[in-house]
Amino acid sequence: MRGRVAGTELQYEDRGAGPPILFLHAFPLGLFMWDEQVAALEATHRLVRFDYRGFGGSPPGDEPLTMDRIADDAAALLDHLGIGRAVVVGCSMGGYAAFAMVRRHAARLRGLVLQNTRAGADTAEARKNRGVLAERVLREGPTAAADAFLPRLVGDTTTRDHPDRVTQLREAVLRNPPRGLANALLGLGARANSSPTLREIAAPTLVVGGAEDVLTPIAEAEAIHAGIPGSQFHVIPRAGHLANLENAEAYNAVLASFLRTIDG
């Protein structure tokens, strides 16, 4: 469904009933990346997910897509749906937006899942590279983003055993408008250092890494876990940067166990 939220049109889905969970997707994908989790949890939870501005069915804005903007859109969507607090699950860029929610909307967090993400900001070189890629995407189209990211988005196991899944991911990336991808790249490069935010997190937190993740290696997940007192930590085997999608069975078991500690 599509609705007017925070001054724009956002494509979102609101399914199921029970304790609410809000999913925040990775770059350069969309709400579809949580299909396996929605299928596993819709009988017991209310599940909300949306396409950020410039992804999937949500039109792009005319400025960089900052992590604060995603966090504010997420909070506005919760308001739109009459949801006070939710467990927020963020993967990669979604994790960066989840950190922004901690800073800007902490009272909305019933729990937090930080998956395949990092707390630190981009280096100057990484920020420059994102800007260069953003320019390429505007010139050449979404193929430039797919070529740059897809080889590192999934682990060796997925590449070897599930080439059809890689093809589906590429097709999804190519459906995104160039302006949306470029705006997000600029927003990613400008994101804040969230390392100081770790000590501010009071909500129950699960940190998840992928054993084959080369974009945010396990050391990044370990650093987040070490910085959040009382957090849980799990590594998903046979999975890269998209652990929930690459090894859904193992990921869903870890997520369900964590949710039981919150839901009672």
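The values are calculated or read from the model by the stated rules, or taken from the named source; none is laboratory data. In this text, all values refer to a predicted model and were calculated from it rather than measured experimentally. With ideal geometry, Cβ positions are generated from the backbone for all residues, glycine too; neighbour counts draw on all protein chains shown. Side chains included, ligands, DNA and RNA excluded: accessible areas come from the protein's heavy atoms. Shrake-Rupley method; radii C 1.70, N 1.55, O 1.52, S 1.80 Å.
Worth pointing out:
- Members of region 79-97 that are over 16 Å from ARG53 (Cα atoms) and not in a strand (DSSP E or B): ASP79, HIS80, LEU81, GLY82, ILE83, GLY84, ARG85, SER92, GLY95
Here's the yes/no breakdown for (1) under 23 Å from ASP164 (Cα atoms); (2) outside any helix (DSSP H, G or I); (3) open to solvent by 50 Å² or more (accessible area, probe 1.4 Å):
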{"position": "GLY187", "(1), (2), (3)": "no, no, no"}
{"position": "ARG191", "(1), (2), (3)": "no, yes, no"}
{"position": "VAL214", "(1), (2), (3)": "yes, yes, yes"}
{"position": "PHE233", "(1), (2), (3)": "no, yes, yes"}
{"position": "VAL254", "(1), (2), (3)": "no, no, no"}
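- Among residues that are touching a residue at least 60 places away in the same chain (Cβ under 8 Å), β-branched (Val, Ile, Thr), out of contact with any Cys (no Cβ under 8 Å at 6 or more places or on another chain) and open to solvent by less than 60 Å² (accessible area, probe 1.4 Å), ILE224 is included.
- Residue ID - most open to solvent (accessible area, probe 1.4 Å), chosen from residues in region 1-41 that are more than 19 Å from PRO177 (Cα to Cα) and of a type in the set (Lys, Arg): ARG4
- Screening ASP62 against (1) open to solvent by 50 Å² or more (accessible area, probe 1.4 Å); (2) modelled with pLDDT of 95 or more leaves a single unmet condition, (2).
- In region 73-97, the residues that are closer than 14 Å to GLY111 by Cβ and touching a residue at least 12 places away in the same chain (Cβ under 8 Å) form Cβ pairs under 6 Å with partners that are surrounded by 23 or more Cβ atoms within 10 Å (Cβ to Cβ) and of a type in the set (Phe, Trp, Tyr), at six or more places apart or across chains, as follows: VAL89/PHE23.
- Of all residues in region 42-55 being under 14 Å from the mean Cα position of the chain (by Cα) and in contact (Cβ under 8 Å) with a residue 40 or more places away in the chain, the one that is most open to solvent (accessible area, probe 1.4 Å): ARG53
- Some residue of region 215-226 being out of contact with any helix residue (DSSP H, G or I) (no Cβ under 9 Å at 6 or more places or on another chain), more than 30 Å from ARG110 (Cβ to Cβ) and modelled with pLDDT of 95 or more: no
- Boolean, MET33 is without any contact (Cβ under 8 Å) to a residue 40 or more places away in the chain and among the hydrophobic types (A, V, I, L, M, F, W, C): no
- Every residue from region 141-166 that is within 16 Å of ARG179 (Cβ to Cβ) and either free of Cβ contacts under 8 Å to residues at least 12 places away in the same chain or among the hydroxyl-bearing types (Ser, Thr, Tyr) (or both): THR143, ALA144
- Only residues that are among the polar types (S, T, N, Q) and closer than 21 Å to MET67 by Cα were counted in region 146-188, giving 2.
- Among residues of region 1-44, those that are of a type in the set (Val, Ile, Thr) and under 17 Å from GLU246 (Cα atoms), counted: 1
- Those residues of region 169-178 which are buried (at least 19 other Cβ atoms within 10 Å of the Cβ) and within 14 Å of TYR52 (Cβ to Cβ), in sequence order: VAL173, ASN176
- Of LEU181, LEU153, all but one fail to be open to solvent by less than 10 Å² (accessible area, probe 1.4 Å) and farther than 25 Å from GLU9 by Cβ; the exception is LEU153.
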